[in-house]
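Notes follow the structure.
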Amino acid sequence: MSTTSEPVSFVVRGLPAAQGSSRAFVVKAKGGKARAIVATDAHKLTSPLGAWRSDLAKEARETMGARPLLDGPLRVRVVFVFPRPNGHYLPANSKRPVRQLRADAPVYHCARPDVDKLQRALLDALKLVVWHDDSQVADIRARKVYERSPSYVSGEAWPPGAIVEVDGAR
């Protein structure tokens, strides 16, 4: 049994991908027998979702090292970071040698993908890497924000990807 006193924290670079619902349908096989087919891109490494889940699992596995899987109720904090569109910047010109983030540029990303589907991809990717099952996650907080440059507020850059922290729920 692993103690969850030390948080597991890692950063994954890339474009976060959402895990949608599985699609099921019935196909008639030869001989008239019907069988159910469940379609999902979650396990295809060539799909954006498959590649994202693989990247999440790889970073988590490297962070976990030889630690055993976490037991008990868990708390997950995640920030999904998305690239900013060009409209968030003032263009470079004779007064501004480099483009500059507009003062009214939003912090939060409020467009697709939905935060719950981003969470689903994260939780499933970390199963048997950080925890036994995602049912252990008793407390979760997720945010979707736009990337920020090093000069933004704290001086810490947040390129596109995800910032993840897991510890024991108290």
Report summary line: What the 5 Å binned alpha carbon P(r) of the stretch 103-147 shows, as percent of pairs per bin from 0, is 5, 18, 25, 19, 14, 11, 5, 3, 1
Query raised in the report: How large, in percent, is the carbon and sulfur part of the accessible surface of the stretch 46-127 at a probe radius of 1.4 Å?
Result: 54 percent
Query raised in the report: If each of Val107 and Leu15 carries a label point 7 Å out from its Cα toward its Cβ, how far apart are those two points in nm?
Result: 2.6 nm
Report summary line: Note: Glu6 to Val115 extended length (0.36 nm per residue) minus current alpha-carbon separation gives 36.6 nm
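Run the numbers for Asp139 and Val98: contour at 0.36 nm per residue of separation, minus the present Cα-Cα distance, in nm.
Gain on stretching Asp139 to Val98: 10.6 nm.
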Report summary line: Other residues with Cβ under 12 Å from the Cβ of Pro113 give, with Lys and Arg +1 and Asp and Glu -1, a net charge of +2
Report summary line: Under 15 Å by backbone N from the virtual spin label 7 Å along Cα-to-Cβ at Glu165, the residues of the stretch 120-140 are 139-140
Requested in this report: For His109, list long-range residues whose amide hydrogen, built 1.01 Å from N in the peptide plane, is under 5 Å from its own amide hydrogen.
Outcome: Lys144, Val145, Tyr146
Report summary line: For the stretch 68-160, using Cα atoms only, the Rg and Dmax in Å read 17.6, 59
Query - Simple spin-label estimate for Val27 and Glu62 in nanometres, 7 Å along Cα-Cβ - result: 3.7 nm
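The values are calculated or read from the model by the stated rules, or taken from the named source; none is laboratory data. Everything numeric here is computed off the predicted structure, so don't read it as measured data. Backbone-built Cβ (ideal geometry, glycine too); neighbour counts: all protein chains shown. What goes into the accessible areas is simple: the full protein's heavy atoms, side chains included, and nothing from ligands, DNA or RNA. Shrake-Rupley method; radii C 1.70, N 1.55, O 1.52, S 1.80 Å.
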